[in-house]
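In what follows, a structure is listed as structure tokens, so that the remarks can point back to it.
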Amino acid sequence: PDVLVEEQILQKATTQEIQKNDIKSNPINLTNNTRQKEALKRAKQLKWEQTIKAVQENRVTPIELDELNYRARLNDAKAIEILAWMYTNGVGVAQNLPKAFNLYRQAEKLQVTNADKNAIAVYKAMNPEQRASVTSD
């Protein structure tokens, strides 16, 4: 069997003592953590505002498109509605009426105002081939 040497016992005790002192002398700075969380929250909000502005100005890049798709995957109603509009009008993406229709239907389920009317308008604008390609629930 292993026999503990006195040095090992002292080393273990010293290590534990150092850890206790570190905790006492360096407590978690909750104020700093809160500030970091708030800064992250503000950065996310700013990114979203910049994404919306880019869509409004018809200067959508892959960065904004990624942000919209990310939020749409999280069922963000506003992001889904914006993507539907983009696919309807071909802004920042290739026009894709079946995809726009499906996105408007998804937005309708999330109770987006006028999403049902927009879905109908998009459906009416589709040719028979496009209508046949839309997904059904």
Mind checking whether some residue in the stretch 111-119 is within 22 Å of the chain's Cα centre (by Cα), β-branched (Val, Ile, Thr) and under 18 Å from Val60 (Cα atoms)? no
Complete set of residues in the stretch 55-66 that are open to solvent by less than 90 Å² (accessible area, probe 1.4 Å) and under 16 Å from Tyr87 (Cβ atoms): Val55, Val60, Glu64, Leu65
Are any residues in the stretch 53-74 at pLDDT below 95 and outside any helix (DSSP H, G or I), and if so, which ones? Glu57, Asn58, Arg59, Val60, Thr61
Number of positions in the stretch 82-137 that are over 20 Å from Trp48 (Cα atoms) and surrounded by fewer than 19 Cβ atoms within 10 Å (Cβ to Cβ): 29
Would you check if Lys78 is assigned to a helix (DSSP H, G or I) and surrounded by fewer than 13 Cβ atoms within 10 Å (Cβ to Cβ)? no
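In the stretch 74-89, is there at least one residue being over 26 Å from Ala125 (Cβ atoms) and under 12 Å from the mean Cα position of the chain (by Cα)? Spell out how you get there, then give the answer.
Let us first name the residues in the stretch 74-89 that are over 26 Å from Ala125 (Cβ atoms), namely 74.
Among the residues that remain, those that are also under 12 Å from the mean Cα position of the chain (by Cα) are: 74.
Within the stretch 74-89, one or more residues are over 26 Å from Ala125 (Cβ atoms) and under 12 Å from the mean Cα position of the chain (by Cα).
For (1) out of contact with any Phe, Trp or Tyr (no Cβ under 7 Å at 6 or more places or on another chain); (2) touching a residue at least 24 places away in the same chain (Cβ under 8 Å); (3) not small (Gly, Ala, Ser), each residue gets a yes or a no:
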site	(1), (2), (3)
Ile63	yes, no, yes
Asn69	yes, no, yes
Arg73	yes, no, yes
Ala77	yes, yes, no
Thr88	yes, yes, yes
Gln95	no, no, yes
Leu110	yes, yes, yes
Ala121	yes, no, no
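The values are calculated or read from the model by the stated rules, or taken from the named source; none is laboratory data. Just so you know, these numbers come straight off a predicted model, no measurement behind them. So basically every Cβ, Gly included, is an ideal-geometry build from the backbone, and we count neighbours across all protein chains shown. Surface areas here come from the heavy atoms of the whole protein model, side chains and all, with no ligands, DNA or RNA. Shrake-Rupley method; radii C 1.70, N 1.55, O 1.52, S 1.80 Å.
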